[in-house]
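What follows is a short report on a single structure.
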Amino acid sequence: MPSGSLRFAGDEQSNGTKVPKDRLTMLQFTNMDGSEKQAVVVGKSAKPRRFKNVKTLPFSYFANRKAWMTSQQFIAVMKTLDRKMIAQNRKIILFLDNATCHNLLPGTNLSNIKLSFMPPNTTSLIQPLDQGIIRSFKAYYRRELVRMRSMLHRQCRCPRWLSR
């Protein structure tokens, strides 16, 4: 979500209104040449209304109160990926930052995945996804959010949370 508020010409002044607290956490990972990509999204709602008639999502979705990735969710993602790698007879290494959710619980066994952690305070300098991929994704997301907001605003069927 954008860090600031979005206003369009003709919008009422937003003084005194609450800022929406919609949050998402996204975990993105890919192989070296970018031919295989996977995303995991963590939101606040267990059953978001936006997914009501959606049969399948192009990403794994989890929910918790703060929309943060937890160790249990990370382990579930890693176990699913490990099973996929076992089925494909592949072994991989994942480079991770030192986020607390990346700590595996004792007894978690990943046979075809090796986790390699970056040194502290170097993630933005050497982690591949921080070298522009995440920034590009955020720019695309914000652009689409503004486009959708503008389209809804023109149709005058703007949901309350978008009209603030």
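Laboratory data are not the source of any read-out in this text; all were calculated from the coordinates shown. None of the values given here were measured: they were computed from a predicted structure. Note that each Cβ is placed from the backbone with ideal geometry, even for glycine, and that neighbours are counted across all protein chains shown.
Pair-distance distribution P(r) for the stretch 25-131, from all Cα-Cα distances in 10 Å bins starting at 0: 12, 42, 35, 10, 0 percent.
Packing-based ranking of 76-86, 136-146 yields 76-86, 136-146, ordered from highest to lowest mean Cβ neighbour count within 10 Å.
The length gained by stretching the chain between Asp22 and Leu115 to full extension, at 0.36 nm per residue less their Cα-Cα distance, is 30.4 nm.
With Cα atoms defining each centre, the stretch 47-64 and the stretch 74-90 are spaced 21 Å apart in the structure. Lys66: which lysines have alpha carbons under 28 Å from its alpha carbon, excluding same-chain residues fewer than 8 sequence positions away? Qualifying lysines at Cα under 28 Å: Lys18, Lys21, Lys37, Lys44, Lys47, Lys52, Lys55, Lys79, Lys138.
The string of couplings for the stretch 69-83 from the Karplus curve (6.51, -1.76, 1.60, θ = phi - 60°) is 5, 9, 4, 5, 5, 4, 4, 4, 5, 5, 5, 4, 5, 4, 4 Hz, one whole number per residue in order, with x for Gly and Pro. Taking amide H as placed 1.01 Å from N in the peptide plane, the amide H of Leu96 sits under 5 Å from that of Ser116, Phe117, Met118, each at least 5 places away or on another chain.
Picking from Thr70, His102, Gly34, whose Cα lies most toward the positive end of the charge dipole for the stretch 25-131 (charges on Cβ: Lys, Arg +1; Asp, Glu -1)? Among Thr70, His102, Gly34, the one farthest towards the positive end of the dipole of the stretch 25-131 is Thr70.
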